[in-house]
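A short write-up of the structure that comes next.
Any read-out appearing in this document is the output of simple, stated calculations on the displayed coordinates, not a laboratory observation. It should be emphasised that the depicted structure is a prediction, and the values quoted were computed from it without experimental measurement. Cβ atoms come from the backbone with ideal geometry, glycine included; neighbour counts cover every protein chain shown.
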Amino acid sequence: MDHDGMQGGAGHDGHGTGLPPLTLLRALELSPDPVFLSACLLAAGLYGWGVLRLRLRGDAWPAGRTAAFALGVLSIALVTCTALNDYGMVLFSAHMTQHMVISMLSPILLLLGAPVTLALRALPTAGRGRTGPREMLTAFLHSGYVRAVTSPLFTIPVFIASLYGLYFTSLFDFLMGSRPGHVAMMVHFLAVGLAFFWPIMGVDPGPHRPGHLMRMLELFATMPFHAFFGIALMMATGPMVETYADPPASLGTDAVADQTAAGGIAWAFSEIPSVIVLIALVVQWYLSEDRRARRLDRAADRDGDRDLAAYNAYLASLESRP
């Protein structure tokens, strides 16, 4: 399916595309976007190189992390390199599926793969007084820029603005008017999702993170806005986005019905990924407390051993007295 041809043929009048109704099998037909296909192959290749490098030197890397990262890359490919990407140019529901997956599901899976940790372990250390890729990555992680873009004062407003500031203004129609604009919008969704979930997930090293309870509050802070956005689309009696105001007749749907479906998708994705992140946070919190308890136990054992040794030495000194 030709992405450019379909985009140009659809326009805003909804005619001339001849697209059949969207089904799951049709949505999964291959229609590679060269930008995202290249990026997915590069990401998978670099991650695989890192895992292989660790294995060759005898270091272990959790298989679960590899699986999570692979699923994250696959989820991006499924919404950008299949016919779903083409239908996203003329169907609001298809586009919203792309948006929700690439901004809320893909980032979670990628971050569970701990790619930054893998890079820090796999990249060689530069010689004394030299700067290599590993040193550059470490400096970047400790930079003021990373602290700024991962702060909730930045991530939460940008996350919300990606919904209301995009779909309820003319910016969305402008970006959908060209292929570069559409690609840039998808890249933006992915970047915002990564920036939002990175400090919350807490798998990879990064800027100072608050406690687990505060991270949960950050997660919950966006959920009402996300849910309300979906409800607003579902309750609207007319098209709210010009791009999807007149879908092709061959698709067998009208703008309001398709918009209602898009709202339902947005509303559902305000819950499901959040539950996944919440479970991950609870597990991390439990493991963190378990490690802390073991450290305290070891410290108490060491203190007890020292006290016992001192007491035994005292008894020995009494016995040696005349």
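Projecting the Cα atoms of 200, 219, 239 onto the charge dipole of the range 154-287, computed from C-beta unit charges around the Cα centre, puts 200 farthest toward the positive end. Proximity of backbone amide H atoms, modeled 1.01 Å from N, is registered between residue 81 and 33 at under 5 Å, excluding neighbours fewer than 5 places apart on the same chain.
Taken along the Cα-to-beta-carbon direction at a fixed 7 Å, the label points for residue 166 and residue 28 span 2.6 nm.
Of the peptides 155-165, 139-149, the order by per-residue mean of other Cβ atoms within 10 Å, starting with the highest, comes out as 155-165, 139-149. Residue by residue, the range 237-246 carries 3J(HN,Hα) couplings of 9, x, x, 9, 10, 4, 4, 10, 6, 9 Hz when phi is fed to the Karplus relation 6.51 cos²θ - 1.76 cosθ + 1.60 (θ = phi - 60°); x denotes Gly or Pro. Packing, as the average of other Cβ atoms within 10 Å across residues, places the peptides 87-100, 228-241, 49-62 in the order 87-100, 228-241, 49-62, highest first.
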